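Following: one structure in structure tokens, then a few remarks.
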Amino acid sequence: MTDDDRNQIAMTMLLAAGHAKQIISAQLDHLTDRPMNSDEISRQMATAHQWLVKAHVEQNKLMKDAERVPYSLLLTHAQDTLMNTETIYFLVSKLLPLLEK
């Protein structure tokens, strides 16, 4: 795998995680603007999850050869972004049912 291949994977991870984070953030913003629409939020959270899966698919391309992947600040940033977005997704997914009550 070349440096360009790794950089492309990192950028795809960043973009996918970024899309997921943007969707989740928008759902939280909408909760302050209007009454909660559970169906719409569920659809949006499912879309965010699909973006997270896409980022993980890209990450897995690297992980199969992890011992041979040299250090990359861009890749580290991509993995950090993915993990942070997953944490946000997890927390929001757990909090949304509480807000419905």
When every residue in segment 35-69 that is touching a residue at least 60 places away in the same chain (Cβ under 8 Å) and not in a helix (DSSP H, G or I) is compared, the one surrounded by the most Cβ atoms within 10 Å (Cβ to Cβ) is V69
Name the residue, out of T32, T85, that is part of a helix (DSSP H, G or I) and modelled with pLDDT of 95 or more.
T85
Scanning segment 1-29 residue by residue, the ones that are of a type in the set (S, T, N, Q), open to solvent by 40 Å² or more (accessible area, probe 1.4 Å) and in a helix (DSSP H, G or I) total 4
Test: L74 is surrounded by fewer than 17 Cβ atoms within 10 Å (Cβ to Cβ) and either charged (D, E, K, R) or in a helix (DSSP H, G or I) (or both)
yes
Residues of segment 7-48 satisfying the condition of being closer than 26 Å to D80 by Cα and of a type in the set (S, T, Y):
T12, S25, S42, T47
So Q79, is it crowded, with 16+ Cβ neighbours inside 10 Å and either polar (S, T, N, Q) or over 17 Å from the mean Cα position of the chain (by Cα) (or both):
yes
Boolean, E100 is out of contact with any Pro (no Cβ under 9 Å at 6 or more places or on another chain) and open to solvent by 60 Å² or more (accessible area, probe 1.4 Å):
yes
Single condition Y71 does not satisfy, out of (1) touching a His at 6+ places or on another chain (Cβ under 6 Å); (2) modelled with pLDDT under 95; (3) aromatic (F, W, Y)
(1)
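The values are calculated or read from the model by the stated rules, or taken from the named source; none is laboratory data. Small disclaimer: the values here were computed from a predicted structure and weren't measured. Glycine gets a Cβ as well: all are built from the backbone with ideal geometry, and neighbour counts include every protein chain shown. Keep in mind that these areas ignore ligands, DNA and RNA; they rest on the heavy atoms of the full protein, side chains included. Shrake-Rupley method; radii C 1.70, N 1.55, O 1.52, S 1.80 Å.
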